[in-house]
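See below for the structure under consideration.
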Amino acid sequence: MSAFLELVQFPYGLPELKANYRKYLLRGLVIGIILNLSLVGAYWGTVYLDKDEPPMWVVRIIKYSELGPPPDFVPFEKAPAVIKRVDPLYPELARKAGMEGRVIVKVWIDRKGKVKDVVILKGATEVLNEAAIKAAKQWEFTPAMMKHGPVDVWSTLTFNFKLSNPDT
């Protein structure tokens, strides 16, 4: 090691190295602190400035069919027409008891012409009401049409339960 020190001549001595050390150490620390503060400040500045403000109103666009049944009155240009009519089966219990009557139901016809719901408007007896509901759910229609396409509507159906021969 001493041979190496003898071959290499240092242009500075210890006092010069200490002076340069202090000068460059101070410059390095100042540059490091400035760089660090600027990077940290830039990061937090973007975090703070990039915050999205909460919206004043939240608007959700939903399909008309997602709202449930249509209102009682829905304007349409073309009324639904019956494609498939199913007559109710006369319940055996009602036939044996000689029950007769009229059942008026309100049916919800969707955009495809299918019956989605049935509500009794005027019923006779529970047995006849159930037979009318079962038959009404099997009906099919052409959908009611408005300007921009099919719409859901309510329609009324009447089922008359009358024994052809009351004695049997």
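The values are calculated or read from the model by the stated rules, or taken from the named source; none is laboratory data. It should be emphasised that the depicted structure is a prediction, and the values quoted were computed from it without experimental measurement. Heads up, the Cβs are rebuilt from the backbone with ideal geometry, glycines too, and the neighbour counts pull from every protein chain shown.
Assorted remarks:
- Residue in the stretch 35-54 that is outside any helix (DSSP H, G or I), within 30 Å of F159 (Cα to Cα) and outside the structural domain of P143 (by TED's automatic domain parsing) present: no
- If the condition is being out of contact with any Phe, Trp or Tyr (no Cβ under 6 Å at 6 or more places or on another chain) and surrounded by 13 or more Cβ atoms within 10 Å (Cβ to Cβ), then the stretch 123-137 contributes G123, A124, T125, V127, N129, E130, A131, I133, K134, A135, A136, K137.
- Selected residue (criterion: surrounded by the most Cβ atoms within 10 Å (Cβ to Cβ)) from residues of the stretch 152-168 that are at pLDDT 90 or above and among the β-branched types (V, I, T): V153
- Matching entry among R95, R102, R85, R60 (being of a type in the set (D, E, K, R), farther than 17 Å from M145 by Cα and not assigned by TED's automatic domain parsing to the domain that holds S155): R60
- Count of residues meeting criterion [assigned to a loop (DSSP other than H, G, I, E, B) and of a type outside the set (F, W, Y)] in the stretch 129-162: 8
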